[in-house]
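Below is one structure; the comments refer to it alone.
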Amino acid sequence: MIPVELQVIASGLRAIAEEMGAVLVRSAFSANIKERRDCSTALFDEVGRMVTQAEHIPVHLGAMPEAVAAVRAHDPPLGEPWILNDPFAGGTHLPDLTIVTRTKLGYAVTRAHHADVGGSEPGSLPAGSTTLEQEGVVIPPTRLDADALERLVGQMRNPDERRGDLRAQLAAHRLAERRLAEVCERRGRRRVAEAMDELLAYSERVARSAIRELPDGTYEATDRLELPDGFLHLHAVVTIAGDAIDIDFAGTSPRHGGNLNCPLAVTRSACFYVVRCLTAPDLPASGGAFVPVTVRAPEGCLVNAQRPAAVAAGNTETSSRIVDVVFAAFGQAIPVPAQGQGTMNNVVLGNERFTYYETTGGGQGACPHADGPSAVHVAMSNTLNTPVEALELSYPLRVERYELRLGSGGAGQFRGGDGVARAVRALEPCRLSLLTQRRALAPRGAQGGEDGLPGRNELNGAELPNFVTCDLEAGDVLRVETPGGGGFGATGQERTGSR
């Protein structure tokens with residue numbers, strides 16, 4: 001196939017994935033999807049390889065192949081939607097509902113974080129969960145007909161909003177079916193399938209070529225997650241050999257009794273993200289780029305959790321720390337950025353009438369040649385914030401303050417980005433759940449750069465733990481201060497660039 005034709009087909013497929021995302025966002029009911037864009041879309045070929053994706057949420061996208069494999073095992077007919085969220089059958093954590101449909105060229109996939117999927121607490125992210133069932137309804141690969149949809153939303157809070165968001169996902173799938181049929185009519189189905197194969201092969205070639213530029217060797221690093229009474233340890237050994245990378249998590253802590261456990265699919269996703277950043281970041285992501293990467297972890301450990309482990313925070317907090325520790329291991333071989341905030345700062349406020357969920361931006365670590373950006377979602381999250389106007393219009397909440405946390409980024413030749421401070425007042429009684437990290441352990445600087453400031457949680461001026469679920473009364477004020485990123489290089493060194 002000539003390069004021009006391949007590029008035309010590749011661009012057309014990427015446009016379909018992007019348009020799927022646009023339809024989902026514009027059709028959604030909840031602020032979490034339509035404002036924060038906490039959703040992802042992708043296209044797969046007939047054997048379950050990711051061909052193209054929209055530039056959405058890294059933790060969603062890297063774990064999607066397992067979801068497609070779980071549905072493919074049921075041999076679904078053309079156009080029939082299947083839904084799942086089971087973290088041990090292709091999901092991530094329970095609020096991420098994934099729909100897979102078979103198309104003329106393979107599979108179309110959407111994954112969206114729903115504001116509630118049942119369970120013991122509003123928002124389905126209880127800080128103290130110890131089993132999966134406490135976190136919401138667990139959905140194995142299931143045919144999503146009208147009866148199944150009503151049965152599922154009947155187990156969730158605010159079923160009208162859940163129904164609307166699921167229908168928005170289904171609208172994105174109908175769009176994908178039409179657009180793929182148009183591509184086949186224009187180019188010929190066989191020709192497009194050949195282009196998919198070539199795109200996957202091209203991505204693998206580019207990734208292997210970039211890996212060959214890295215110094216061979218074995219490099220390792222450790223990092224920690226915060227607990228009320230101690231720490232959980234992550235240990236990563238990265239081996240670079242020619243055009244392949246092996247990442248092994250032997251030595252990582254065993255399963256957590258709470259919900260910091262991480263399914264292996266999410267662990268792979270975090271590793272793929274790091275490798276992409278360090279090898280071919282501008283290459284459109286596809287399954288081919290990850291063929292040279294092997295990820296291993298002992299069965300039952302923190303980053304390869306087994307049923308019925310709770311996983312609510314594994315998808316957000318542990319995945320963020322996996323990124324940190326794998327970057328640190330690579331940092332023994334090549335320059336890497338300083339640590340970013342290393343947490344998604346999950347905030348849930350809700351009752352039986354409403355559910356507000358937000359991951360909160362913070363400071364990115366400084367790079368070898370640039371300051372870190374401030375007030376951004378770092379690493380495995382790629383969402384927006386909920387605009388103040390939309391938040392106050394949708395929920396019985398009022399934003400008292402929302403500002404940069406000036407000076408929270410670590411100093412250095414290049415400075416880490418600053419975190420944010422956000423204060424929200426509850427206007428009616430509700431429940432609060434916080435799942436946060438980097439409250440005791442600061443994001444580390446690199447090459448002599450200073451650490452960023454850790455974060456802080458407060459309720460009416462009194463400090464809260466990093467993991468907590470509790471009652472709020474009308475008038476209570478929650479304040480979340482997010483961490484700043486680490487600095488890069490010692491202060492006073494000559495700067496060679498800046499943002």
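The values are calculated or read from the model by the stated rules, or taken from the named source; none is laboratory data. Small disclaimer: the values here were computed from a predicted structure and weren't measured. Note: ideal-geometry Cβ built from the backbone for every residue, glycine included; neighbour counts use all protein chains shown.
Key figures for this structure:
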{"item": "Residue in the stretch 6-27 that is modelled with pLDDT of 95 or more and assigned to a loop (DSSP other than H, G, I, E, B) present", "result": "no"}
{"item": "Among (1) assigned to a loop (DSSP other than H, G, I, E, B); (2) at pLDDT 95 or above; (3) within 30 Å of PRO465 (Cα to Cα), the one test that ILE139 misses", "result": "(3)"}
{"item": "Positions within the stretch 1-28 being hydrophobic (A, V, I, L, M, F, W, C) and surrounded by fewer than 19 Cβ atoms within 10 Å (Cβ to Cβ), in sequence order", "result": "MET1, ILE2, VAL4, LEU6, VAL8, ALA15, ALA22"}
{"item": "Checking GLY416 against (1) surrounded by fewer than 24 Cβ atoms within 10 Å (Cβ to Cβ); (2) in a loop (DSSP other than H, G, I, E, B), the condition it does not meet", "result": "(1)"}
{"item": "Per-region count, the stretch 228-254, residues over 20 Å from ARG296 (Cα atoms) and crowded, with 17+ Cβ neighbours inside 10 Å", "result": "0"}
{"item": "Only one of VAL323, VAL348 that is buried (at least 24 other Cβ atoms within 10 Å of the Cβ), touching a strand residue (DSSP E or B) at 6+ places or on another chain (Cβ under 8 Å) and in contact (Cβ under 8 Å) with a residue 40 or more places away in the chain", "result": "VAL348"}
{"item": "Residue within the stretch 448-467 that is in a loop (DSSP other than H, G, I, E, B), under 24 Å from LEU393 (Cβ atoms) and assigned by TED's automatic domain parsing to the domain that holds LEU404 present", "result": "no"}
{"item": "Among (1) of a type in the set (Lys, Arg); (2) assigned by TED's automatic domain parsing to the domain that holds ARG111; (3) touching an Asp or Glu at 6+ places or on another chain (Cβ under 9 Å); (4) free of Cβ contacts under 8 Å to residues at least 60 places away in the same chain - the single one ARG179 does not satisfy", "result": "(4)"}
{"item": "Strands (runs of 3 or more DSSP E) fully within the stretch 212-317 counting 2 or more residues that are of a type in the set (D, E, K, R) and over 30 Å from ALA15 (Cβ atoms)", "result": "217-227, 244-248"}
{"item": "Residue in the stretch 351-381 that is surrounded by the fewest Cβ atoms within 10 Å (Cβ to Cβ), counting only those that are touching a residue at least 60 places away in the same chain (Cβ under 8 Å) and part of a strand (DSSP E or B)", "result": "ALA370"}
{"item": "Close pairs (9 angstrom Cβ cut-off, 6 or more residues apart or separate chains): more than 18 Å from ALA148 (Cα to Cα) in the stretch 80-107, acidic (Asp, Glu) and assigned to a strand (DSSP E or B) anywhere", "result": "PRO87/ASP96"}
{"item": "Where ALA329 falls short, out of the listed (1) within 20 Å of the chain's Cα centre (by Cα); (2) assigned to a helix (DSSP H, G or I); (3) in contact (Cβ under 8 Å) with a residue 60 or more places away in the chain", "result": "(1)"}
{"item": "Candidate set from the stretch 140-156 (those that are over 23 Å from the mean Cα position of the chain (by Cα) and crowded, with 20+ Cβ neighbours inside 10 Å); member that is farthest from VAL71 (Cα to Cα)", "result": "VAL153"}
{"item": "Conditions (1) without any contact (Cβ under 8 Å) to a residue 40 or more places away in the chain; (2) surrounded by fewer than 19 Cβ atoms within 10 Å (Cβ to Cβ): number failed by LYS34", "result": "(2)"}
